[in-house]
Amino acid sequence: MTPLLSLQHISKSFPGVKALTDVSLDVHAGEVHALLGENGAGKSTLMKILCGIYQQDEGDILIDGEVRHFHGYQDALEAGVGIIFQEFSLIPDLDAVDNIFLGREKRNRFGLRDRSAMAREAQHLLERLKVSIPLNCPIAELSVADQQFIEIAKALSLDARLLVLDEPTATLTPSEADHLFAIMRELREQAVGMVFISHHMEEIFTICDRVTVMRDGEKVHDCETAATTPDDLIEKMVGRRVDNIFPDYRCDAVWDDVVLDIESLRLEAESPEHSLKLHRGEILGFAGLVGSGRTELAMGLIGATRPAHASVKMEGRPVRLRHPASALKQGIGLLPESRKTQGLILPFSCRDNISLNNLSQFQGTLPLISRRQESLAAEKLMASVRVKAPGPETAVGDLSGGNQQKVVIARWLGHQCKVLIFDEPTRGIDVGAKSEIYALMKELTAKGVSIIMISSELPEVLGLCDRAAVFYHGQIAAELQGDDLSSQSIMHHATGGLSL
Amino acid sequence: MSQLASKPGTSRSSFKTRLDGWRRTPVFYPLIGFIVVFIAMALINENFLTASNQINLARQASIIAIIAAGMSLAILTGGIDLSVGPVMALSGTLMAGLMVAGVPMPVAILLGVLVGAAFGAFNGVFVAFAGMPPIIVTLATMGIARGLGLIYTGGYPISGLPADFAFFGRGTLAGIEMPILIMIAVYAIGYVLLGHTATGRYLYAIGGNEEATRLSGIRVSRYKLLVYALSGTTAAIAGLILTSRLMSGQPNAGIGFELDAIAAVVLGGAAITGGRGMILGTLVGAMLLGVLNNGLNLMGVSPYLQNVIKGLIILLAIYISRKRTP
C-alpha cells in the first residue's frame, strides 16, 4: 500500500552544520507516527522541510507516491499537509470562525463576507472533532486546548490529510491532553495521517502506532509502538542507557531553619490567602494543573506583580518585596516559565546574559565594566553548569533549549542567592539535559540554597522534591511530605479532591 | 596534519575572523554606505573635498547628529522620541530669553539644558511608569513643547544676544569648530555609556527583552526614565548650538528634525524595534545625511527634489541592511 507521505533519503546542511543525513520516514493514512529525539536531533528541521519552510539538499518528498516540491508553506498546504506549531498562528482578537477562514473568507452573491456560511462550516468542522467551542468569542478568551483544537479545525478545513503536531501537549493539562487524544483517534478513523512530536513517553505509548527515533540528524530506529518499551526508546534516543534521570534522592533540608516565611500573601483583595514556609536546603514542589495559580504566587512573591497584601520574612526579618530587584537584594531569584520570552535576552551572547544582573561585580572605582573579568566569570559559571557552547561569546539564541536553560541558571549563580524559584525548569528540554538540571538543583541544595520548583510533571515532583504544595484553583490545597507525597495524592488534591 | 597546515595561515585567518566580527557589528554596512556616497560626491563635485566645505558639512550635520545620539538611546530600548525638535526650540529660546533678560550666560545655558532634561524626564514618566507607548507620549508632548516655546516668545524670534554667546555656534577651540567639538564630546560620552557601563548594557537588554530584564532584578522603569531625560538633554544641547549659530532664539526651529534624527539612527544600523545598534553607527548615519545634504546642495539640486532623493536613499540603505544582517 502506498504510504500517504514518504520522505526519502532527506539530507540538509546549514552553514557549518549537517542538520539531517539520509532520513527516511513513511506515514500511512490513518496512522499516528511518533517522531522522537532529543532537542537538536533534527526533528524540527525535518518537519520544516515537510512543510516547505526549508528545502532539502537531497532526497524526495512523496505524497501518495508522487514526488512533490515544496517551495513554501503554501505548497505544502495545497498538497494536504497541515502543521500545528508550538506557538499558534491564530489571531487572538478574532473569533474561531474568522480564524479558521482567515485569508479565504467565503463570500455571498454580493461579494460580501458570508459570516453565516462560514459559521455553519466551522460548526461542522468542530463537530467532526467532537468538540464544542463557542464560535463567537475572541480566541484569546479560550483555553489553550480550545485554541489548539481550532488550529486543528483550521488545518482540516484546508483539506489536510496529514497533520504534524509539534509538542501539542506541552501546554495542556492532563485532561485536555486526553481530549486531544480522543480527537486524534477520531481523525485516525477518518484516515488522516499524523506525525506526533512529544517528549512524553506515556503519550507516545497511549496514542501512537509507529515510532521513529532520530539522533544527531539521523534516523536511528523505527518500529511499531507495540513492539518496543520506553526504556528501549530512551536508549535509542540518547545512544546510551539512562537508568534513572533523577539524582539519588537525598534530603538536604534543615527542617528547623526557616529561610523564607510567607506569613500571609494575597494576590488580590478578594483572592485567597497563602501562607507557606521554605526551609534551608529544601526543594519544595509547587504541583498542580496549569493555571492553578502557582506561577502567579511566585510572581507576586518576588514583586513582579503587586500583591494586595504581603507579609513575608526572610531569615526571620520582615522584608518588603516590591520589585524583582528588591527580591534579588534579599537573595531570591526567579527562573521564569518561558525561557525565550521571560528568561533570555535572545540577541545577547551567553556572557551578556549571564552577567546581566551582576554587572556591578566587574566595576572598579569608576563605573566601567571590565570585559575581561566579566568573560572570565561567565566562563567559570558556564563550566559549573556545564553549558555546551563554543565560548562565552556564543549567541544564546544558537543554543539548544537545555543549554539555554543552563545559561539562565548560571545568571543566578553569580549571586549568593538563598532562594531560587524554578518555574517549569525542564519544559521542552530533552532527557539528557533534564537529568543534568536535576543534578544541578541538588548541588545547590547541598550548598544550603532553598529551591521552589513549579512543575506540572509528576515524576519530577516525586523524584526531586522533599515536600510539595499542591495548588487547586489559586489555593494551596495540600502540603504533602514523606509517604503522603505520591502521584495519587497529588492528583487527588490538584483536581479538587473529586477524582482519583 | 591540521597542525602544520594551519600554522602558515594563522595570521590570515585571524584577520578573516576579525573582518567577520566587524561585518557582524551594526556599523559595518552603514560605514560602507557612507564611504560609497562620500566618494560618489567627491567624484561628481570638485568643491566637495575642499577643507572649508568639509568643515561646513560637519558643522551642519552636528546638530542632527547630537539629537540623534539621544534618539539612539530611545530607539535602542525599543522606544522613540518625537518631541526632540520642539524641545530643542524650547530650550534654545529659553536660553536666549534669559540672556536678553539679563541672566548671566552660563546660568541661562544651564537652565536651558535643564529644562530640556526635565521635559525629557516628563516624557519618561509617562513611558516608564504609566506604561504608555512612547510614540503616543512624545507625539503629544511634541505639540506641548512647541506650544510652550511659542507662548514664551510670543511667536517672535528673540535676538539681541550677548556677542560672547556666538562662541558655541561659530567659535573654535584649539582650532576645531565648537559644534564639531561638542558633537565629539557627546558621542564620546555615549560610546562609554553604551559600551562600557552597566547602564548601557541594561539599555540593550531592555530593547532585547524588557520582561526578562525586569525579572532579572533590574529596575527597568528607572533606566527608561533616564533614556528620555538624556534625549531631552541632547536636544537642548543642539538648541544651544543652533541658537548660538543664528544668534537668535527661534521658536519655530527644528521642524522635522525628529525625522532626520530617526533616519540617522536607522541608517546607522540600529533596529527600530530596539536591542540592536551602536552609537558610532548613528554618527555615521548622521554624517551620511550630512554628506547627502551638502553634496546635493553643491550640485544645485532643487530642495524639493533633494527630499525625494534623500527618502529614496534611506529606503535603499535600510533595505540593504535588513537583507544583510542576520
Connecting every pair of Cα atoms under 10 Å apart in chain B and solving the GNM, the largest mean-square fluctuation among B:166, B:40, B:286 falls on B:40
Quick tally, 1.4 Å probe accessible area for A:274, A:309, A:199, sorted with the most first, runs A:309, A:199, A:274
Note to self: C-alpha centroids of region B:26-63 and region A:326-364 sit apart, in Å, by 42 Å
Shielding of A:340-348 by other chains, given as the mean Cβ count within 10 Å, works out to 6
Extension length gain for residue A:57 and residue A:130 (0.36 nm per residue less Cα distance), in nm, is 22.2 nm
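Rounding to the nearest 20 debye, state how big the charge dipole of the protein assembly as shown is about its Cα centre with +1 on each Lys and Arg Cβ and -1 on each Asp and Glu Cβ.
3600 debye
Please report the orientation-averaged projected area of the protein assembly as shown, defined via the convex hull of its C-alpha atoms, in nm².
Taking the Cα atoms of the protein assembly as shown, their convex hull projects to 44.6 nm² on average.
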Rounded to whole angstrom, the alpha-carbon centroid of region B:152-209 lies from that of region A:371-403 at a distance of 38 Å
For residue B:310, the lysines lying under 22 Å Cα to Cα, once residues fewer than eight places off in the same chain are dropped, come out as B:323
The longest stretch of chain A containing none of the chymotrypsin sites (Phe, Trp or Tyr not before Pro) that sit in a DSSP loop with at most 13 other Cβ atoms within 10 Å is A:250-500
Result row for chain B, helices from DSSP H with C-alpha axial extent 18 Å or more and mean Kyte hydropathy at least -0.5, is B:28-44, B:51-76, B:84-100, B:105-124, B:134-153, B:178-196, B:220-246, B:279-298, B:303-324
Within the set B:69, B:235, B:51, GNM on chain B using Cα springs under 10 Å gives the largest fluctuation to B:51
Cross-link reach from residue A:447 to lysines, straight Cα distance under 26 Å and at least 8 residues apart if same chain, gives A:277, A:313, A:329, A:380, A:388, A:406, A:418, A:434
Computed ³J(HN,Hα) along region A:328-345: with the Karplus parameters 6.51/-1.76/1.60, θ = phi - 60°, integer Hz and x for glycine or proline, the list is 4, 4, 7, x, 10, x, 10, 9, x, 4, 10, 3, 6, 9, 10, x, 9, 8
Once normalised by the length of chain B, the mean sequence separation of its alpha carbon contacts under 8 Å that are 6 or more apart gives a contact order in percent of 34 percent
Only helices counted: for chain B, with every DSSP H run of 4 or more residues adding -39500 (n - 2.57) and the sum spread over all residues, [θ] at 222 nm is -25000 deg cm²/dmol
In degrees, nearest 10, the alpha-carbon axis of helix A:144-157 is tilted away from the dominant principal axis of the alpha carbons of chain A by 20 degrees
For region A:94-104, Karplus-derived ³J(HN,Hα) couplings (6.51, -1.76, 1.60; θ = phi - 60°; whole Hz; x for glycine and proline) come out as 9, 8, 4, 4, 5, 5, 4, 9, 4, x, 8
Within 10 Å of the Cβ of an average residue in A:368-379, the count of other chain Cβ atoms is 1
For region A:381-388, Karplus-derived ³J(HN,Hα) couplings (6.51, -1.76, 1.60; θ = phi - 60°; whole Hz; x for glycine and proline) come out as 5, 4, 5, 5, 9, 6, 6, 8
Reduced to Cα centres, the span from region B:228-301 to region A:45-103 in Å works out to 45 Å
For residue A:154, the lysines lying under 30 Å Cα to Cα, once residues fewer than eight places off in the same chain are dropped, come out as A:12, A:43, A:48, A:106, A:130, A:340
In square angstrom to the nearest 100, the accessible surface buried at the A/B interface, both sides summed with a 1.4 Å probe, amounts to 2000 Å²
For region A:170-277 the trypsin sites (Lys or Arg not before Pro) that pass both the DSSP coil test and the at-most-12 other-Cβ-within-10 Å test are A:240, A:241, A:250
One computes Rg over Rh for region A:254-494 from alpha-carbon atoms, with the Kirkwood Rh, and obtains 0.97
Between residue B:47 and residue B:318, Cβ-based FRET efficiency (R0 30 Å, step 0.05) works out to 0.50
With all protein chains in place and a 1.4 Å probe, residue A:322 shows an accessible area in Å² (nearest 10) of 130 Å²
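The values are calculated or read from the model by the stated rules, or taken from the named source; none is laboratory data. Nothing here was measured: the structure is a model prediction, and the numbers come from that model. With ideal geometry, Cβ positions are generated from the backbone for all residues, glycine too; neighbour counts draw on all protein chains shown. Surface areas here come from the heavy atoms of the whole protein model, side chains and all, with no ligands, DNA or RNA. Shrake-Rupley method; radii C 1.70, N 1.55, O 1.52, S 1.80 Å.
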